[in-house]
Amino acid sequence: EGADDYRTRVEAAELPDAVRDAALREVGKLERSSEQSPEGGWIRTWLDTVLELPWNDKTSDRTDITAAREVLDADHHGLDDVKDRIVEYLAVRGRRAERGMEVVGGRGSGAVLALVGPPGVGKTSLGESVARALDRKFVRVALGGVRDEAEIRGHRRTYVGALPGRIVRAIKEAGSMNPVVLLDEIDKVGSDFRGDPAAALLEVLDPAQNHTFRDHYLELDLDLSDVVFIATANTLETIPSALLDRMELVALDGYTEDDKVAIASTHLLPRQLERAALTADDVTIDDAALREMAGDYTREAGVRQMERMIGKILRKVATNLAMDKAEAPVRVTVEDLHDYLGRPRFTPESPERTAVPGVATGLAVTGMGGDVLFIEAAKPTTTLQSTSADKDSAPSLTLTGQLGDVMKESAQIALSYLRAHGSEHGVDVSTLAGQIHLHVPAGATPKDGPSAGVTMVTALTSLATGRPVRSDVGMTGEVTLNGRVLPIGGVKQKLLAAQRAGLTTVFIPQRNEPDLEDVPDEVKSALDIRPVSDVAQILDAAF
Ligand code: ATP
Ligand code: MG
């Protein structure tokens, strides 16, 4: 394409004045550069990018909030609180925009919605649903593993192979200046010597700056103020606080078994049927079978494994139909699961793990959702200890399992508490003299936080008394040197995990009782939840 063609195209395009001036300047340079020069190539690529951007294109929003809610309801089962929050956000945003008000940043003001929760709970697909609800274009920007600032903001044009950054590319892909842009996995953004992508994101999300966002490659102001940004994350721990400040957090904690069965039959099964070119007339899966899949074949907060299992069953059904090994309609019952999926992968672990003294079942929250963890206490034999190079300075507590500082301190506190108060609980305190080893599996996963305190006290008590802990009991709570139980986070995720793992009694800190309001009734009726203020209450009931 010659310089003349570019001049014609730039003049014909609907561009903001500043953009047209810049583009014409580049066309001038192109006219003066020689046909074969590399510079000519760079200019052409730049002009193509500028001409492809939707400078003046905006879609018009669906302003009917009731209709928006209907779209959200049609796309996802349950999640009522989350949908409420999204609808409120859209309502406020819509009103502000209508009145020509700026969408101000800062926590709670509705600048950026962040969906936070374990894998497979629907964060990414909710983001898409918001775009549908608003009737806007949707683009996903995958941030997982982005370490280079230039990924966000582009490379300067002098750089060989320079490209615009992901934000500019997203706008180009959307074809409108007001899409919903999903900043997916914002917790997985890293930083290294190539600059800090989080700082660039901060600028993207800051309403005071983002109407003149500058990409290094484009070197033109891009107005991002009409973009709806939605972020997703598994955990908040790795998100820089400056970014967190810009976000309005919405937690998705995971599903109960009832939820999973309902999601499977209303959403996952129909989608997988379509994928396998089957219909509900060809094959049905009993609710009881779906429930068994949720319980014994998967162990997850979300429904991703569940969807995979359904896909696997349907592929086998399709094959059987094709080979005349089965005849439509096929009905998949609980008894058939073994044939389709093999042996159940998950059986309750707790009875086996807690069969020996010194093991107690705790509850934790990881990036994968809530989970049970088995804290093990043991007393190494003295002969082993005497090989230690310096006996006097050898710590009396060996800790393994990649514990963080706070968790290590919890272990020290648990041991000190029992050395001082153990006799009140039938513990012969002399058994706690000398070396003690405390391990928190799985050894390869780093873990931290104070909420394992009560579990450590219970495991140590079990070790010292030789009595195994009841296998159906789980617990969570920080403990003080006097045995007070202090509140912890993640109650809902932990209780969901306790139910998944087949526990029946769970001790939580008394001060976490208000959190039970957010816990689904299904979980509350399945579990005997006991709020406690002193670890003695746990020790009285756990054996
Ligand atoms: P990750 O953190 O791993 O990215 P995610 O939360 O983004 O996970 P999605 O990919 O959005 O998970 O969800 C997994 C699948 O489960 C999607 O196909 C989604 O549509 C479906 N799904 C999740 N929750 C629901 C729900 N409540 N109703 C219907 N479908 C759901
Ligand atoms: Mg996702």
| remark: If each K or R counts +1 and each D or E counts -1, the residues other than Pro531 whose Cβ falls under 9 Å of its Cβ total +1
| message | Can you tell me how segment 147-229 classifies by the Cα gyration tensor, rounded, prolate or oblate, using a/c under 1.5 as the rounded cut? | response | oblate
| field | Pair Ser430, Glu11: separation of 7 Å Cα→Cβ label points (nm) | value | 10.3 nm
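Quick check for me: using +1 on Lys/Arg Cβ and -1 on Asp/Glu Cβ, what's the dipole size of the chain about its Cα centre, in debye to the nearest 20?
In debye, rounded to 20, the chain gives about 940.
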| query | How far apart, in nm, are the 7 Å Cα→Cβ label points at Ser396 and Ala67? | reply | 7.2 nm
| query | How big is the antiparallel share of DSSP beta bridges in the chain, given as a percent to the nearest 5? | reply | 35 percent
| request: Could you tally the net charge around Gly404, taking each other residue with its Cβ under 10 Å from the Cβ of Gly404, Lys/Arg +1 and Asp/Glu -1? | output: -1
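Starting from the Cα gyration tensor of the chain, multiply each eigenvalue by 5, take the square root, and state the resulting semi-axes largest first in whole Å.
After scaling each eigenvalue by five and taking roots: 52, 31, 22 Å.
Which value in deg cm²/dmol, rounded to the nearest 500, describes the helix-derived mean residue ellipticity at 222 nm for the chain, given -39,500 (n - 2.57) per DSSP H run of n ≥ 4 and division by the residue count?
Calculated mean residue ellipticity at 222 nm is -11500 deg cm²/dmol.
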| said: Based on alpha-carbon centroids, what's the gap between segment 341-360 and segment 279-293 in Å, whole number please? | reply: 28 Å
| Where the only charges are on Cβ atoms (+1 Lys, Arg; -1 Asp, Glu), what is the dipole of segment 107-228 about its Cα centre, to the nearest 20 debye? | 240 debye
| query | If you add up the charges near Phe374, with Lys and Arg at +1 and Asp and Glu at -1, over every other residue whose beta carbon is less than 9 angstrom from its beta carbon, what do you get? | reply | -1
| field | Residue-span extension gain [Thr212 to Thr480] - 0.36 nm each, minus C-alpha spacing | value | 91.3 nm
| task | First compute the accessible area of the chain with a 1.4 Å probe, then give the percent of it belonging to carbon and sulfur atoms. | result | 49 percent
| query | What's the FRET efficiency of Asp528 with Ser241 using the Cβ-Cβ distance as r and R₀ = 35 Å, to the nearest 0.05? | reply | 0.35
| How many times 2.2 N^0.38 Å is the alpha carbon radius of gyration of segment 1-43? | 1.13
| message | Report the Cα centroid-to-centroid distance between segment 424-473 and segment 18-68 in angstrom, as an integer. | response | 65 Å
| task | Within the chain, what's the longest run with no GluC sites (Glu not before Pro) in a DSSP loop and at most 15 other beta-carbon atoms within 10 Å? Give the range, please. | result | 350-543
| Inter-probe distance in nm under a simple model that places probes 7 Å from Cα toward Cβ, at Val160 and Leu516 | 6.7 nm
| field | Cα extents of segment 310-375 along the three principal axes, largest first (Å) | value | 56, 27, 14
| field | Out-of-range pairs (alpha-carbon distance over 23 Å; input Lys123/Lys494; Lys137/Lys188; Lys123/Lys188) | value | Lys137/Lys188
| FRET efficiency, 1/(1 + (r/R0)^6) with R0 30 Å, evaluated for Arg147 and Asp57 via beta carbons | 0.40
| message | Run the paramagnetic zone check for Thr284: 7 angstrom along Cα to Cβ, then residues of segment 323-354 with backbone nitrogen under 19 Å. | response | 326-337
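The values are calculated or read from the model by the stated rules, or taken from the named source; none is laboratory data. Bear in mind the structure is a predicted one, so any value in this text is a computation, not a measurement. All Cβ positions, glycine included, derive from the backbone under ideal geometry; neighbour counts span all protein chains shown. Remember, those area values only see protein heavy atoms, side chains included, never the ligands or the DNA or RNA. Shrake-Rupley method; radii C 1.70, N 1.55, O 1.52, S 1.80 Å.
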